[in-house]
Structure formats: C-alpha cells, structure tokens
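Report on the following structure.
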Ligand code: AHR
C-alpha cells in the first residue's frame, strides 16, 4: 500500500491544479509496491506489440505491479478497463487513448478517486488539463512533416509515371486517433509547398496490415497513375505492398512507399527496396513510463509533456540498422 504519509507529501509537491498521487490503498501491497492499471489500445500492429512488451518488461524490472488490459481498439473497452482500475483503487492509471475525444467523464472519475493518470503514446483532446499529470509520447505532427519533407526533397524521383504530377494515396490510421490526425496534418502542411504533389485518395486502414491491403486494393482499382503511397504506419504499408505485388507491380519502384514506425518488418521491407523511406516512431516507452509513475507517487514534479526522440531511415540506413534493431 502507498502509505498515507507519502500521500500527504505527494499532494503538496504536485501543487494546486494537478492530481494527487493518493490512489491505491485498495490494490497495493502493504510493502509500498506501486500498482499501475494500464489500458492498452490493442494489438493492431508490430509497433503496438513492441510497445506492450516494453511496458510489461519495464514494470517487472521496476517492481511495479502491472494490471494490463487489451481494449481491442475499442474506446468503450478502454473506458471499462479504466473504471475497473478506479474500482480496484490502483495507485496510478496509464493508457494510450484509441481516439482523442470522449475521455473527460472517466478521467473526472479517476480524479475524484485521487488516482493520477499518465497518458502514453497518444494524447486526449480535453480543455481540462488537470485530468492527467503527464503525457509521454511522440510528436506525431513532426513525424508527418518528416515524411512530407522527404517526398518534397525527392520529388524529382517520385513522378513514376512521368505525367508531371505526383499522385499520392494516403493510408490513414484509425479515424479520430491522434497519430492519424497529426500525421495527416504534418504531411499536408509540408507537401503544399510543391504544387506538383497532391493527395488523390485518402482512407483509413485502421493501422492494420489487413486494412492497408484492402484499402490499397481498392485504390489500385479506382485511382489512375498512383506514384506514391503514404501510410501512417508500417503495417498498413506492408499490407499495401501485398496488394501492389498482387496487381503485378513492383513496390518501391512502380509505386514509391513512405511509412511511419520503423519496426523490424518495416525496416526489412525498406532494406529490401520495397519501401522507400520510414520515419521512426519509438514504441519503447516502458522505462520512461515507470520512471514517471515512480516520481508521481513520490510526489516529485513531473513534466507535463515528454517527447520521444526519433529518427528517420533511408534504404541504406535500414540495412545498417537492422542487425541491432531491438524491435
Ligand atoms: O500510436 C502509435 C501508432 O499506433 C503506431 O504508429 C501504429 O503502428 C500504432 O498502431
């Protein structure tokens, strides 16, 4: 159990307008072990699998008692899981919101119960900043900008059918999810500087390989002269590769492909020449999350926003990085 003396210290250190770290006299062990409830989005992608493993391994290493649920990409399941963590009176709740909106009610419940919430990976859209103590994750707008910048910088090689225009098809992530909204916005804000580049079609593939394949099959039927696929994650890009190959075309040559994540399967396809460029999104958030949770419980100040460090990969860089790639 997190002792009441510690609780009092936490409230003071966190100051007015933030949540106290005083949840958890029901679920915690009597020896000071922190109990964390984590509501994961699902298992939709290679990125998510690596992210879940990172959180589970890091909790074990940090001696944090982790209660973990997989919401199967449904907001109602995540809300149910969070409510159950509140009922169990865990010390801290963390989750990666499947979509941006619709969280205020359940976060108010956590706040009333005195349980601090740490957002990981994805943000929520709320006007009440007191509903969570910190948000750890990538800058998705910057990721979209990097993808767009590479396309603009390499525009000379991207007009595959030589008609003077670069026709991009976009495979969006889950509708309403922060990475889908932000990666679209970032990409569009950069490509608008080049009038030869335009997005001819854009549809969600829900961040899954199967979704990416199905949407790409439809694009290949409906769109003339596709030059470039911009996929919001590797898995959808890998699904698009399957559809492109099934149509008798060569991915990476007949149609250029840009994705985001840089998980092993994506990096392998990049090194093999089937993808042309990948913007990294780092899933290994576990160690930083456990560190933040410990600090919140100890009553230390924590930053409102912790941005993950990330890079980008060309085909040559992927071949070099692959042998030591962790995920
Ligand atoms: O929120 C991060 C995104 O979610 C990853 O880019 C994607 O692969 C995952 O499903």
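Assess whether residue 184 counts as being part of a helix (DSSP H, G or I), assigned by TED's automatic domain parsing to the domain that holds residue 248, within 25 Å of the chain's Cα centre (by Cα) and farther than 20 Å from residue 99 by Cα.
no
For the condition within 19 Å of residue 41 (Cα to Cα) and touching a helix residue (DSSP H, G or I) at 6+ places or on another chain (Cβ under 7 Å), what is the one hit in 140, 135?
Numbers: 135 fails: touching a helix residue (DSSP H, G or I) at 6+ places or on another chain (Cβ under 7 Å).
Going through 140, 135 in turn, the sole match is 140.
Taking the options 237, 212, name whichever one is touching a helix residue (DSSP H, G or I) at 6+ places or on another chain (Cβ under 6 Å), within 16 Å of the ligand (Cβ to nearest atom), over 19 Å from residue 121 (Cα atoms) and not in a loop (DSSP other than H, G, I, E, B).
One residue alone meets the criteria, 212.
Given the criteria assigned by TED's automatic domain parsing to the domain that holds residue 100 and either under 30 Å from residue 290 (Cα atoms) or at pLDDT below 95 (or both), does residue 174 qualify?
Numbers: assigned by TED's automatic domain parsing to the domain that holds residue 100: no; either under 30 Å from residue 290 (Cα atoms) or at pLDDT below 95 (or both): yes.
When the stated conditions are applied, residue 174 does not pass them.
If you check every pair at least six apart or on different chains, which have Cβ atoms under 7 Å apart with a residue in segment 83-95 that is at positive phi first and a residue that is assigned to a strand (DSSP E or B) and modelled with pLDDT of 95 or more second?
Note: no pairs meet the criteria.
Can you pull out the residues in segment 106-118 that are in contact (Cβ under 8 Å) with a residue 12 or more places away in the chain and assigned to a helix (DSSP H, G or I)?
Of segment 106-118, the ones in contact (Cβ under 8 Å) with a residue 12 or more places away in the chain are 106-111, 113-118.
Selection gives 106, 107, 108, 109, 110, 111.
Quick check on segment 93-105: of everything there that is within 16 Å of the ligand (Cβ to nearest atom) and not in a loop (DSSP other than H, G, I, E, B), which residue is farthest from residue 293 (Cα to Cα)? If you could, list the steps in order and put the result at the bottom.
First, pick out the residues of segment 93-105 that are within 16 Å of the ligand (Cβ to nearest atom): 94-101, 103.
When the remaining residues are screened for being not in a loop (DSSP other than H, G, I, E, B), the result is 94-95.
Details: 94: 9, 95: 12 Å.
Among residues in segment 93-105 that are within 16 Å of the ligand (Cβ to nearest atom) and not in a loop (DSSP other than H, G, I, E, B), the one farthest from residue 293 (Cα to Cα) is 95.
For segment 220-227, indicate whether the set of residues that are within 16 Å of the ligand (Cβ to nearest atom) and either modelled with pLDDT under 95 or under 25 Å from the mean Cα position of the chain (by Cα) (or both) is non-empty. Outline the logic, then answer.
Initially, segment 220-227 is screened for residues within 16 Å of the ligand (Cβ to nearest atom), giving none.
No, the conditions are met nowhere in segment 220-227.
Kindly indicate whether any position in segment 240-260 is closer than 21 Å to residue 122 by Cα, in a loop (DSSP other than H, G, I, E, B) and either in contact with a strand residue (DSSP E or B) (Cβ under 8 Å, 6 or more places away or on another chain) or within 16 Å of the ligand (Cβ to nearest atom) (or both).
First pass over segment 240-260, keeping only residues closer than 21 Å to residue 122 by Cα: 259-260.
Filter again for in a loop (DSSP other than H, G, I, E, B), leaving none.
Looking for residues that are closer than 21 Å to residue 122 by Cα, in a loop (DSSP other than H, G, I, E, B) and either in contact with a strand residue (DSSP E or B) (Cβ under 8 Å, 6 or more places away or on another chain) or within 16 Å of the ligand (Cβ to nearest atom) (or both), one finds none in segment 240-260, hence no.
Consider residue 236 carefully, then state whether it is closer than 23 Å to residue 42 by Cβ and touching a strand residue (DSSP E or B) at 6+ places or on another chain (Cβ under 6 Å).
Values: closer than 23 Å to residue 42 by Cβ: yes; touching a strand residue (DSSP E or B) at 6+ places or on another chain (Cβ under 6 Å): yes.
Yes.
Can you name every residue in segment 309-327 that is modelled with pLDDT of 95 or more, in contact with a helix residue (DSSP H, G or I) (Cβ under 8 Å, 6 or more places away or on another chain) and surrounded by 16 or more Cβ atoms within 10 Å (Cβ to Cβ)?
310, 312, 313, 315, 318, 319, 321
Restricting attention to helices (runs of 4 or more DSSP H) lying wholly within segment 1-92, give those where 2 or more residues are crowded, with 20+ Cβ neighbours inside 10 Å, away from the ligand (no atom under 16 Å from the Cβ) and modelled with pLDDT under 95. Give the steps one after another, and end with the answer.
Details: elements: 4-14, 46-62, 75-87.
In segment 1-92, the matching helices (runs of 4 or more DSSP H) lie at 4-14.
Only one of these is part of a helix (DSSP H, G or I) and surrounded by fewer than 19 Cβ atoms within 10 Å (Cβ to Cβ): 141, 160, 190. Name it.
Numbers: 160 fails: part of a helix (DSSP H, G or I); 190 fails: surrounded by fewer than 19 Cβ atoms within 10 Å (Cβ to Cβ).
Result of the check over 141, 160, 190: 141.
Condition (residue is within 16 Å of the chain's Cα centre (by Cα), outside the structural domain of residue 252 (by TED's automatic domain parsing) and either closer than 24 Å to residue 228 by Cα or assigned to a helix (DSSP H, G or I) (or both)) applied to segment 289-299: is it met by at least one residue?
So the first thing to find is which residues in segment 289-299 are within 16 Å of the chain's Cα centre (by Cα), and the list is 289.
When the remaining residues are screened for being outside the structural domain of residue 252 (by TED's automatic domain parsing), the result is 289.
So of that shortlist, the ones also either closer than 24 Å to residue 228 by Cα or assigned to a helix (DSSP H, G or I) (or both) come out as 289.
Checking segment 289-299: at least one residue is within 16 Å of the chain's Cα centre (by Cα), outside the structural domain of residue 252 (by TED's automatic domain parsing) and either closer than 24 Å to residue 228 by Cα or assigned to a helix (DSSP H, G or I) (or both).
Output the number of residues of segment 128-138 satisfying the condition of being part of a loop (DSSP other than H, G, I, E, B), in contact (Cβ under 8 Å) with a residue 60 or more places away in the chain and over 13 Å from the mean Cα position of the chain (by Cα). Break it down into steps so the answer makes sense when it comes.
Going through segment 128-138, the residues part of a loop (DSSP other than H, G, I, E, B) turn out to be 128, 132-133, 138.
Checking which are in contact (Cβ under 8 Å) with a residue 60 or more places away in the chain leaves us with 132-133, 138.
Now restrict to residues that are over 13 Å from the mean Cα position of the chain (by Cα): 132-133.
So the answer is 2.
Out of segment 169-186, which residues are surrounded by fewer than 23 Cβ atoms within 10 Å (Cβ to Cβ) and either on the phi > 0 side of the Ramachandran plot or more than 16 Å from the ligand (Cβ to nearest atom) (or both)?
176
The values are calculated or read from the model by the stated rules, or taken from the named source; none is laboratory data. The model shown is predicted, which means the values in this text are computed figures rather than measured ones. Heads up, the Cβs are rebuilt from the backbone with ideal geometry, glycines too, and the neighbour counts pull from every protein chain shown.
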